[in-house]
Amino acid sequence: MNDLKTLQEKLQYDKTFDCVQCGYCLPACPTYETMEKETHSPRGRINLVKMAAEGKTSLEDLEEPIEKCLGCMACTTVCPTNVQYGAILEGAKETLEDNKEKSKRSEKTEEFLFRSFFPSSKWMNRLGNATWLYQATGLQKVARSLCLTAMAPLHLGEFEKVIPSQPSPSKRKKRLQRVEPEGTPAAKIAFFTGCVMDSVFFEINQQTIELMKLSGAEVILPEHQTCCGALHAHSGKVGLSKELAMENIKAFEDENIDYIVNNAGGCGARLIEYDHLFEEGTKWHRRAKAFTEKVKDISEVLVELDALEFSAPVEKLVTYQPSCHMTNVQRVTKPPRQLIEQVPGVKLREMNNPDFCCGSAGVYNIVNYEDSMEILNKKMEDVNKTNPEVIVTTNPGCLLQMKLGVEREGKSGEVQAFHLVELLMEASPRPKK
Amino acid sequence: MKEWINELNSFFSANQVLTEPADRYSYSFDGSFGEYLPDAVVQVKTKEEVVHVMKTANRYKVPVTPRGQGTCLSGGPLPVKGGIVLDTSQWPASIDVTPDDLIAVVSPGVLTASINQEVEKYGLTYPPDPSSAHVSTIGGNLAENSGGPRGLKYGVTKDYVIGLELVTPEGEIIKTGGRTIKNVTGFDLTKLVIGSEGTLGVITKATLKLVPKPPAVQTLMAVFDEVELSGKAISKTLTSGILPSKMEFMDQASVQAVENYKPSGLPVDAAALLMIELDGRAEAIKAEVIQVEKIMKELGAKDIVVPKNEEEAAKIWQARKQVSPAIAKIKPTKVSEDATVPRSKIAEMMERLKVIKEKYNIELVVFGHAGDGNLHPNIMCDKRNEEEMIRVEQAVGEIFEAAVELGGTLSGEHGIGTMKAPFMEQELGSAGLDMMKRIKDSWDPNGIMNPGKMFPERDQKLVLRNE
């Protein structure tokens, strides 16, 4: 009985009662759309968590439905009763993770991946230096240890095709930790570099810093920052994720900064919810709250500073694929579109159902390749209908996924995928006079 | 594995027959109460597949419960006797509009809101608008005879169905009605099937009647200090020659809940709010607005709001939509009723509800489609508190009694399902109920079609507790 009580606490059993089973989440859920089963819908998953917490089904029965959730949070945006689906999902992931019997070897692999690999800038740099996905084949072991019933091969070759060419290691090393604008700074911004963003898309990070500088901000890159912890939390490693949060909070509270800016929708979503990790009223909760209040996406800050003008028209037809975590967790939807429309020459054509996830979802597209591609196919149908020359996104995962989508359609010659920052840089931004 | 499941497995492709525990649990509930585990879920996509399921089930005498998207609030898609859940939600959507005949022929898995989107292209509309229209399937709406706020002017689902294709419990395909508005050939089996809650067969196709889309709409909101006055205002409006498309009611508790949840500037000290929508030609509406304003004022409305643009109007309707989530903050479990009374009895029903609320010491909130007498008394409680749930069960019973005594009905739009079955005889009388049962028995001699619904079993009582 006591065991059941512990299980209920872990599974966030109480939160499942907020769900009135109205089903309004069904049309919003990408996996319900592609997998065509209530089992793979938010309402179905919440019900299964409840059933498991009541001891009616086993944790084993819960495993596949939980693992196959993208965590895109589209359901929370449409939910009329504000069910905390994210907390329920994370609780389920953590419980499943804790209940799993693992071999020594896979434990070691995970230990390395999550403790040393993602949080380490050294490793991330190595990763960035050309062949990160091959080195990351450890993910395969993670996937296996998660006992996924239908484990697909990792298709790493597919992803490798779409990785941008990398800067030389010396260029990475030369990056400045502090960038001053011309004249008196309009704001002091700490830049959160992110792990995948900083390795695979190092150049986009450089451009992001440049945009902030051109907008009149002083930009600093706190030295002791680490991975945001999103990938850890999504893999059920909540404890580790919390440790990383504490490190980041410490790293960003040294100087008197106005904003903590990131350019990766997924990281931003994690950063902005750091306070949820700590109990209200505690010192860490207060510190986290002070942190989250400063977190902003690059698009929000650029719109707020409103200090750029664009000198080179980009005569392109653009469609925008918003990152799920920007839309559903950070609730940032307008600023990126505003910025796109500020670029002279650009024609923005919205696709049908832009808020439908692209299927990237952290490492989902690696561990659940086939399912991810089903979702990507749906996305590409809508993308293709707009006939774009450029697809703009705001998250590294989405960017890679859209590149992959274009590649799979055999359109890599005609259609480009850009991070919003890249599009802005194409238009030769300069300070407003 | 059971023999009939093996037989289904050999006919269907692997992903159409679901028997894993996770899948079975995922089809064990709907938007109401209770949880019943099916032995298998079959996801059908053609009428031939439905025929096969029904023939197999009939041979083995296995219960079959049809299900759309499971948004039902009365338990219609719950497999209370186990067996098969027949899921039609993945049936490929087809909406075939013939604008010259003002009809649309649709497949059962189509989302109701999609029908409207499609027919609007021709300047037409399909008026029934249950709040769940963007999630619920037309098949489910037909089975439950769903309503919605526009029922006042336009009626409910059954008023827009002129023909059906149906698979009987014995696996035969039949057609009812046709494509013409007038049709008096034989018994009206179409109307019999609509609202039969999946107890007579599986609907596989429907021919729907469409009407021209009204060119303009105008919203009004009237604020009252007394509930009774708002009731009178409803009657006065409806007898003055004006027929609004919506007339919605919110009591003080629901207003306050909305304002606590997502403030939208509603007057929290009002005893009652009426939200009215007029539709038709712009010139006509203009005159009607003045008339409605006058009526509301004469009956002592404290304030009348006439939104100047669509945005302001949307804000009022948004507030109305927030009632359900807002009251869910009071307590987690929501017992949502749809007792309906003649319009002249609304004020009296409100009085009865107040007494019931005090007698059982429950959190009772009232809102709903007042223009057609379709109130939604909602009791907010906690499923985990058994003592409270017993009080709620008693209160719900008394709400039904009150509705029937005032000349009303158990259900205006949600259906009978499992919850209201014990009260059927009270409304229909024993001979009336028996006649319905005889009809059911002749359609379904083996009693396999959605058993346990609508007809009470011996000594069946309302139960809102799982254990």
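Yes/no matrix, rows are residues, columns are (1) within 29 Å of B:Tyr261 (Cβ to Cβ); (2) in contact with a Phe, Trp or Tyr (Cβ under 9 Å, 6 or more places away or on another chain):
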{"position": "B:Lys294", "(1), (2)": "no, no"}
{"position": "B:Lys315", "(1), (2)": "yes, no"}
{"position": "B:Gln318", "(1), (2)": "yes, no"}
{"position": "B:Ile327", "(1), (2)": "yes, yes"}
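Which of the residues that make up segment B:5-16 are over 24 Å from A:Leu62 (Cα atoms) and touching a residue at least 12 places away in the same chain (Cβ under 8 Å)?
B:Glu7, B:Leu8, B:Phe11, B:Phe12
Pairs only if they're at least six apart or on different chains, beta carbon under 6 angstrom, first in segment A:373-391 and open to solvent by 50 Å² or more (accessible area, probe 1.4 Å), second among the basic types (Lys, Arg); list them, first residue then second.
What qualifies is A:Glu389/A:Lys316.
State all residues of segment B:17-43 that are more than 10 Å from chain A (Cβ to nearest Cβ) and without any contact (Cβ under 8 Å) to a residue 60 or more places away in the chain; if no residue qualifies, say none.
Answer for segment B:17-43, where residues must be more than 10 Å from chain A (Cβ to nearest Cβ) and without any contact (Cβ under 8 Å) to a residue 60 or more places away in the chain: B:Val17, B:Thr19, B:Tyr36, B:Pro38, B:Asp39, B:Ala40, B:Val42.
Tell me the residue from B:Leu124, B:Leu152 that is closer than 22 Å to B:Glu248 by Cα, aliphatic (A, V, I, L, M), touching a residue at least 60 places away in the same chain (Cβ under 8 Å) and touching a strand residue (DSSP E or B) at 6+ places or on another chain (Cβ under 7 Å), please.
B:Leu152
Considering B:Asp338, B:Asp372, which residue is of a type in the set (Asp, Glu), under 21 Å from B:Glu228 (Cβ atoms), within 21 Å of the chain's Cα centre (by Cα) and not assigned by TED's automatic domain parsing to the domain that holds B:Ile276?
Going through B:Asp338, B:Asp372 in turn, just one is of a type in the set (Asp, Glu), under 21 Å from B:Glu228 (Cβ atoms), within 21 Å of the chain's Cα centre (by Cα) and not assigned by TED's automatic domain parsing to the domain that holds B:Ile276: B:Asp372.
In segment A:8-34, how many residues are among the aliphatic types (A, V, I, L, M) and either open to solvent by 40 Å² or more (accessible area, probe 1.4 Å) or under 21 Å from B:Ser32 (Cβ atoms) (or both)?
2
Would you check if A:Glu67 is closer than 17 Å to B:Glu20 by Cα, modelled with pLDDT under 95 and either more than 9 Å from every other protein chain (Cβ to nearest Cβ) or more than 20 Å from the chain's Cα centre (by Cα) (or both)?
It is true that A:Glu67 is closer than 17 Å to B:Glu20 by Cα, modelled with pLDDT under 95 and either more than 9 Å from every other protein chain (Cβ to nearest Cβ) or more than 20 Å from the chain's Cα centre (by Cα) (or both).
B:Ile390 is checked against (1) under 30 Å from B:Pro128 (Cβ atoms); (2) in a helix (DSSP H, G or I) and fails just one. What number does that condition carry?
Result: B:Ile390 passes all but (1).
Filter segment B:44-69 down to residues that are within 13 Å of chain A (Cβ to nearest Cβ) and either touching a Cys at 6+ places or on another chain (Cβ under 7 Å) or surrounded by 19 or more Cβ atoms within 10 Å (Cβ to Cβ) (or both), then give me how many there are.
Residues in segment B:44-69 being within 13 Å of chain A (Cβ to nearest Cβ) and either touching a Cys at 6+ places or on another chain (Cβ under 7 Å) or surrounded by 19 or more Cβ atoms within 10 Å (Cβ to Cβ) (or both): 4 in total.
Out of the residues in segment A:396-415 that are among the small types (Gly, Ala, Ser) and either on the phi < 0 side of the Ramachandran plot or assigned to a helix (DSSP H, G or I) (or both), state the one that is surrounded by the fewest Cβ atoms within 10 Å (Cβ to Cβ).
It comes out as A:Gly413.
Among the numbered criteria (1) in contact with a helix residue (DSSP H, G or I) (Cβ under 7 Å, 6 or more places away or on another chain); (2) of a type in the set (A, V, I, L, M, F, W, C); (3) open to solvent by 20 Å² or more (accessible area, probe 1.4 Å), which one does A:Leu176 miss?
(1)
Based on this model, can you work out whether A:Glu300 counts as crowded, with 17+ Cβ neighbours inside 10 Å and within 18 Å of A:Lys432 (Cα to Cα)?
yes
Is at least one residue of segment B:284-305 among the acidic types (Asp, Glu), in contact with a strand residue (DSSP E or B) (Cβ under 8 Å, 6 or more places away or on another chain) and farther than 27 Å from B:Val211 by Cα?
Yes, segment B:284-305 contains a residue that is among the acidic types (Asp, Glu), in contact with a strand residue (DSSP E or B) (Cβ under 8 Å, 6 or more places away or on another chain) and farther than 27 Å from B:Val211 by Cα.
Being open to solvent by less than 30 Å² (accessible area, probe 1.4 Å) and of a type in the set (A, V, I, L, M, F, W, C) is the filter here, so list the residues in segment B:212-252 that pass it.
Listed by number, the residues that qualify are B:Ala216, B:Leu220, B:Met221, B:Ala222, B:Val223, B:Phe224, B:Ala233, B:Ile234, B:Ile242, B:Met247, B:Phe249, B:Met250.
Residue pairs, Cβ under 7 Å, 6 or more apart or interchain, first in segment A:21-35 and at pLDDT 95 or above, second open to solvent by less than 40 Å² (accessible area, probe 1.4 Å) and aromatic (Phe, Trp, Tyr). List them.
Qualifying pairs under 7 Å: A:Leu26/A:Tyr32; A:Pro30/A:Phe356.
Mind counting the residues in segment A:159-209 that are part of a loop (DSSP other than H, G, I, E, B), under 19 Å from the mean Cα position of the chain (by Cα) and more than 18 Å from A:Gly268 (Cβ to Cβ)?
Of the residues in segment A:159-209, 3 are part of a loop (DSSP other than H, G, I, E, B), under 19 Å from the mean Cα position of the chain (by Cα) and more than 18 Å from A:Gly268 (Cβ to Cβ).
Have a look at B:Met419, B:Met389, B:Met424 and point out the one that is assigned by TED's automatic domain parsing to the domain that holds B:Glu348, at pLDDT below 95 and open to solvent by less than 30 Å² (accessible area, probe 1.4 Å).
B:Met389
What helices (runs of 4 or more DSSP H), lying completely within segment B:70-157, carry at least 3 residues that are crowded, with 24+ Cβ neighbours inside 10 Å? Show your work before the answer.
On the way: elements: B:112-120, B:138-144, B:151-154.
So the answer is B:138-144.
Tell me, yes or no, whether segment A:209-221 has at least one residue that is open to solvent by 60 Å² or more (accessible area, probe 1.4 Å) and under 20 Å from A:Tyr259 (Cβ atoms).
Residues of segment A:209-221 open to solvent by 60 Å² or more (accessible area, probe 1.4 Å): A:210, A:213.
In the following step, the residues that additionally are under 20 Å from A:Tyr259 (Cβ atoms) were identified as A:210, A:213.
Yes, segment A:209-221 contains a residue that is open to solvent by 60 Å² or more (accessible area, probe 1.4 Å) and under 20 Å from A:Tyr259 (Cβ atoms).
Going by the structure shown, is A:Ile46 among the β-branched types (Val, Ile, Thr), touching a helix residue (DSSP H, G or I) at 6+ places or on another chain (Cβ under 9 Å), within 12 Å of another protein chain (Cβ to nearest Cβ) and closer than 19 Å to B:Ser32 by Cβ? Reasoning before the result, please.
Working: among the β-branched types (Val, Ile, Thr): yes; touching a helix residue (DSSP H, G or I) at 6+ places or on another chain (Cβ under 9 Å): yes; within 12 Å of another protein chain (Cβ to nearest Cβ): yes; closer than 19 Å to B:Ser32 by Cβ: yes.
For A:Ile46, the condition - among the β-branched types (Val, Ile, Thr), touching a helix residue (DSSP H, G or I) at 6+ places or on another chain (Cβ under 9 Å), within 12 Å of another protein chain (Cβ to nearest Cβ) and closer than 19 Å to B:Ser32 by Cβ - is met.
The values are calculated or read from the model by the stated rules, or taken from the named source; none is laboratory data. These figures come from a predicted structure and were not determined experimentally. Heads up, the Cβs are rebuilt from the backbone with ideal geometry, glycines too, and the neighbour counts pull from every protein chain shown. In case anyone asks, the SASA skips ligands and DNA or RNA and just uses the protein heavy atoms, side chains included. Shrake-Rupley method; radii C 1.70, N 1.55, O 1.52, S 1.80 Å.
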